Every structure is written in C-alpha cells, then in structure tokens.
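Step one of this worksheet: look at the structure below.
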Amino acid sequence: MKKETVKLTQAALIAALYVVLTFVSQFAGLASGAIQLRLSEALTVLPLLMASAIPGLTVGCLLANFLTGCALWDIIIGSFATLLGALGTYAVRKKAPYWGPIFPILANVILVPPVLRYVYGVEGSIPYFMVTVGIGEVACCGVLGLLLYRLIKDKNVL
C-alpha cells in the first residue's frame with residue numbers, strides 16, 4: 001500500500017474515532033458547556049506517534065462540533081484549538097513526549113472560554129471557564145491521553 005494511502009487512512013480513522021467518542025460524551029451530557037469532559041480529547045496524544053493524527057484530529061473536531069450542533073464560531077475556534085494543540089504535541093514528540101498533552105490543554109484553556117462566554121452566553125467569567133475547561137482537558141488529554149500513549153507504546157500497537 002502506498003505511504004500516502006496509509007496516512008490518509010490513519011487520518012480518516014482518527015477523525016471518525018474522534019467523532020464517535022465526542023458523541024459518547026455528548027450522550028452523557030459532557031461534551032459541551034462550562035464543564036466539558038470529551039473522551040475524544042484523549043486522542044490528542046496521537047501526534048506523538050504519527051503526523052497523520054494532525055489532520056485527523058482537526059477534521060474530527062470540526063465534524064464532531066458540526067454534527068453535535070455547535071455554533072459556527074465554536075466549530076471554527078474549537079477546530080483551530082485542536083490544530084494548534086496537535087501541532088505542539090507533534091513538535092515535542094521526540095524530545096519530550098510526556099509534555100505533549102500540555103499543548104491541547106493550553107490551546108483549549110485559552111480559546112474555548114471566550115466561546116462559552118461570548119458565543120453561547122454561558123453565565124460566568126473567562127477565568128472560571130479557564131478552570132473548568134482546564135480540569136476537563138487535564139483529565140482527558142493529560143490522564144486518559146497519557147494512558148492511551150503508554151498503552152500504545154508499551155504494546156507496540158502502531
């Protein structure tokens with residue numbers, strides 16, 4: 001199989017998995033709002049393992065936000081935050097992989113709170129939303145993501 005076909009397939013599978021995991025979180029009432037616990041954010045460690053995860057995560061976030069009925073600004077800004085986080089994670093893959101989750105955490109902590117406040121009109125302050133979004137991101141990207149990374153690395157799955 002051609003290398004480009006493998007990368008495209010990987011990106012498509014990651015995007016699909018991101019969407020499915022976001023729907024699981026949405027079904028549980030955890031994918032949006034001031035307190036977010038998107039299981040799909042655990043996949044943000046995948047750029048540590050493959051470059052194809054960058055477009056996969058970005059497209060997955062864009063599709064998940066669109067399909068769960070997010071506002072246009074949320075679709076754009078949320079997808080941009082995912083892209084920035086994935087690029088940062090990919091950049092540290094060789095020298096400091098365990099720092100990889102910090103980039104999607106920071107991107108979401110900085111970019112999502114204004115969306116909650118000004119796009120959705122959620123009551124609360126930007127610093128409050130930074131804390132609530134940050135807690136969810138640390139749990140999903142930091143804890144679940146690093147567990148996923150260790151599992152893949154230890155079992156040599158990819």
Inset, instruction - From the list 62, 37, pick out the single residue that is open to solvent by 20 Å² or more (accessible area, probe 1.4 Å) and more than 21 Å from residue 139 (Cβ to Cβ). - result: 62
Inset, instruction - Could you list all residues from the range 65-93 that are of a type in the set (A, V, I, L, M) and either at positive phi or open to solvent by 60 Å² or more (accessible area, probe 1.4 Å) (or both)? - result: 67, 72, 76, 84, 87, 91
Legend entry - Members of the range 20-34 that are part of a helix (DSSP H, G or I) and open to solvent by 20 Å² or more (accessible area, probe 1.4 Å): 20, 21, 23, 24, 26, 27
Inset, instruction - Take residue 153 and decide whether it is open to solvent by 30 Å² or more (accessible area, probe 1.4 Å) and in a loop (DSSP other than H, G, I, E, B). - result: no
Inset, instruction - Check residue 117 against each of (1) closer than 15 Å to residue 45 by Cα; (2) buried (at least 17 other Cβ atoms within 10 Å of the Cβ); (3) of a type in the set (Lys, Arg) and name the one condition it does not meet. - result: (1)
Inset, instruction - Scan the range 94-113 for residues that are open to solvent by less than 50 Å² (accessible area, probe 1.4 Å) and outside any helix (DSSP H, G or I) and jot them down. - result: 96, 100, 101
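The values are calculated or read from the model by the stated rules, or taken from the named source; none is laboratory data. This is a predicted model, so every value here is computed, not measured. Counting neighbours? That spans all protein chains shown, and the Cβs are built from the backbone with ideal geometry, glycine included. For the accessible areas, the whole protein counts, side chains as well, though only heavy atoms, and no ligand, DNA or RNA atoms are used. Shrake-Rupley method; radii C 1.70, N 1.55, O 1.52, S 1.80 Å.
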